[in-house]
Amino acid sequence: MTLSPNGTGEQDVLVVGAGFSGLYALHRLRGQGLSVTLLEAGDGVGGTWYWNRYPGARCDSESYYYSYSFDEELQNEWEWSERYPQQPEIMAYLNHVADRFDLRRDIRLGTRVVSAEFDDGPARWHVTTDAGERLTCRFLVTAVGCLSTANVPAIPGLDTFAGEWFHTGRWPHEGVDFAGRRVGIVGTGSTGIQAVPVIAEQAAHLTVFQRTANYSIPARNGPESVESRQAIKDDYAEIRRIQRESTNGHPFLISERSALEPSEDERRAIYEAAWERGGLRFRASFADLLSDRAANDTASDFIRTKIREIVRDPEVAERLTPRDHGFATKRPPIDTDYFEAYNRENVTLVDVRETPIEEVTPTGLRTSAAEYPLDRIVFATGFDAMTGPLLGIDIRGTGGRTLRDKWADGPRTYLGLGIAGFPNLFTITGPGSPSVLCNMPTAIEQHVDWIADCIADLDARGLARMEATEDAETAWVAHNNEAAGKTLLPQASSSWYLGANVPGKPRVFMPYAGGFAAYTRICDEVAAEEYRGFVRTR
Ligand code: N01
């Protein structure tokens, strides 16, 4: 049996997933002389961007910084066409990266990892694929993403639907023709908010089934001029420095002022300017939007007023107005004409908190109040976030203990990178790391660099096995809870950060909320102190 594409048998490292994380991990680890094979379930590289091809799919981080920083030539040669990159452009970029760094020779596409078992004697991971192949490695690196396990609600009757239905995160590559169709979309998170205005333009009629009203800030997308692209390139060193020293991996710093400090007029002017500028930076307007309820109220109220100004029908505007959580306590979407879409004749809003969805019928969707005839249903219902992709693999550590068993009450990690009882396993952007609270490529590069340095250090010292201690893990979980508790984030009871969107999932705040720069410092200290909190042995 061939164990790797180049036939070298056991690998130093197996990487699972060929998105931003896996591609860089392959490049970086191979660059330090390790044998590495990357296994990818999809038939192409791209990860999130390979699967999420729904109408309007675009990144909410801006192009010039939603990109790798590890190679200056790469960042200087690539030309982004718009302020926010569309899905096909990110795919083109990641394919370019795969070619430019000759990554494909060590990538196996169409290969899903179904299980991974640690053999303590020789300190090896045995990985099994969906084709029944068994591969062996010294180190297993998961690069499976945080939002890659689609959450399709178990609505009775879905299998009887005579039309077609889709989940946005598993979108058909050939696209979907909505022309002349009655379309229903369930979900108004970041994805639904991007898709609604685009589908509304194509469909005969669009019915939006909203469970939780959401805040959104205009993206203000547009073409990137030659001059602005050059200015960014001239300033890249400084941009990257700010990203690394920031709270969220973005190249802007959060204001140090409280939202409660300025006069009402001044505060409104600051919000107006941020609204006009558009994008995720809105939440950086004041220091305490995510830590002080009264401060948060000022931003939430500002956006509620905007919704009422944009949406012409006051009843629809009222239903679209979020009341059960503060702005940005759930992941804040940005949009292009989302609220404006509700002014179209062919868009209807249904509040399914008021009148819950009861079943899918052969001809449509029925709530407790009415039946809506539909030809197509789009589920923009999100993901079994962060833990779903890892628990989708049957991972077994020392003594045969499964990760599913260990995480039955929620994830426990050390730094979001290591797990007690699972030696030589590294989880890129795992639960307990900044990950989804950060611009992802920034979080990913920091993790990959840390893992690569860590493996180099083990090899230099002739050490074969590394495992987080239970004590370090317990302390990290406590620190995570403490960091989250200092923010308003855990108070958003319907947030996927808490696992609240998946029925039966333990309610645990999963990402690290202490900030990216602070997190990086802790990781660096751990490494400098000979990997404090890990046991390393021959
Ligand atoms: O998923 P979501 P998403 N019946 O979980 C509703 C990233 N992202 O795919 O809030 C009825 O946010 C659910 O309602 P509720 C980004 O990090 C990035 O939109 O649970 N409704 C909610 O409205 C984002 O946060 C980008 O009450 C149901 C919606 O479906 C993350 O991905 C673009 C339901 C799901 O919202 C996930 O976003 C897009 C049910 N049974 C996404 N189940 C870019 O940067 C769920 N809902 C490009």
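Condition first: within 16 Å of the ligand (Cβ to nearest atom) and surrounded by fewer than 23 Cβ atoms within 10 Å (Cβ to Cβ). Can you find one or more residues in region 440-447 that meet it?
The answer is yes; a qualifying residue exists.
Please give the helices (runs of 4 or more DSSP H) falling wholly within region 1-96 in which 3 or more residues are among the charged types (D, E, K, R).
72-77
Conditions tested, residue by residue: (1) touching a Gly at 6+ places or on another chain (Cβ under 7 Å); (2) under 28 Å from residue 464 (Cα atoms); (3) at pLDDT below 95.
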| residue | (1), (2), (3) |
| --- | --- |
| 26 | no, yes, no |
| 46 | yes, no, no |
| 54 | no, no, no |
| 61 | no, no, no |
| 78 | no, no, no |
| 84 | no, no, no |
| 103 | no, yes, no |
| 106 | no, yes, no |
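State all residues of region 279-297 that are surrounded by 20 or more Cβ atoms within 10 Å (Cβ to Cβ) and in contact (Cβ under 8 Å) with a residue 40 or more places away in the chain; if no residue qualifies, say none.
Passing the criteria: 279, 280, 282, 283, 290, 296.
Residue 85 fails exactly one of the following numbered conditions: (1) touching a Ser or Thr at 6+ places or on another chain (Cβ under 7 Å); (2) touching a residue at least 40 places away in the same chain (Cβ under 8 Å); (3) closer than 21 Å to residue 445 by Cα. What is the number of that condition?
Going through the list (1) touching a Ser or Thr at 6+ places or on another chain (Cβ under 7 Å); (2) touching a residue at least 40 places away in the same chain (Cβ under 8 Å); (3) closer than 21 Å to residue 445 by Cα, residue 85 breaks only (2).
Considering region 49-71 alone, what residues qualify as being farther than 20 Å from residue 167 by Cα and among the hydrophobic types (A, V, I, L, M, F, W, C)?
Listed by number, the list holds a single entry, 70.
Filter region 321-366 down to the residues that are within 26 Å of residue 510 (Cα to Cα) and crowded, with 17+ Cβ neighbours inside 10 Å and list them by number.
Hits for region 321-366 are 322, 325, 326, 327, 328, 329, 330, 331, 332, 333, 334, 335.
Please go through (1) among the hydroxyl-bearing types (Ser, Thr, Tyr); (2) buried (at least 24 other Cβ atoms within 10 Å of the Cβ); (3) away from the ligand (no atom under 15 Å from the Cβ) for residue 68 and return the number of the only condition it doesn't satisfy.
Of everything listed in (1) among the hydroxyl-bearing types (Ser, Thr, Tyr); (2) buried (at least 24 other Cβ atoms within 10 Å of the Cβ); (3) away from the ligand (no atom under 15 Å from the Cβ), residue 68 misses just condition (2).
Which one of these does residue 56 not meet: (1) on the phi < 0 side of the Ramachandran plot; (2) within 13 Å of the ligand (Cβ to nearest atom)?
Condition (1) is where residue 56 drops out.
Check every one of the strands (runs of 3 or more DSSP E) wholly within region 284-391 and list those with 1 or more residues that are more than 26 Å from the chain's Cα centre (by Cα) and within 14 Å of the ligand (Cβ to nearest atom).
Ranges flagged: 347-351, 357-361, 364-367, 371-373.
Go through region 243-272 and count every residue that is in contact (Cβ under 8 Å) with a residue 40 or more places away in the chain and of a type outside the set (Gly, Ala, Ser).
Final tally of qualifying residues: 7.
The values are calculated or read from the model by the stated rules, or taken from the named source; none is laboratory data. This structure is a prediction, so every number in the text was calculated from the model and none was measured. Note: ideal-geometry Cβ built from the backbone for every residue, glycine included; neighbour counts use all protein chains shown.
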